[in-house]
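Colleague: If you scroll down you'll find the structure; I have some questions about it.
None of the figures in this text is laboratory data; all of them are computed from the coordinates on show. What you are looking at is a predicted structure, and each value in this text was computed from that prediction instead of being measured. Cβ sites come from the backbone with ideal geometry, for glycine too, and all protein chains shown count toward neighbours.
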Amino acid sequence: MITTLTARLPRRPAHRRAHRHLHPQANAASALAPTYPVLLAGRFVAGLVVATFFAVAVATAVSTAPPAGRPPRWRG
């Protein structure tokens, strides 16, 4: 779902910015959370950032592999 929502953004710059800026802030908010809902919100945002980064990282890794080394469903 996150990948679909961010599909129109330029991949590498967008995930770098999100991972560089949002991830530390979300973790800091979680670490310093005064209440449980704030902790949950911080962890949720951190999870979204990591999920977006992982989706882009997998797509990048597959695109750099030679076609013969790709999984069958990614050949093309």
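Colleague: Using a Förster distance of 22 Å, how high is the FRET efficiency between Ala29 and Ala57, based on the Cβ-Cβ distance and rounded to 0.05? Can you show the working numbers first?
Modeller: Values: r = 24 Å, r/R0 = 1.08.
Calculated value: 0.40.
Colleague: So what J values fall out for region 53-61 if you push phi through Karplus, 6.51 cos²θ - 1.76 cosθ + 1.60 with θ = phi - 60°, rounded to Hz, Gly and Pro as x?
Modeller: Calculated HN-Hα couplings, in order: 4, 5, 4, 5, 5, 5, 4, 5, 4 Hz.
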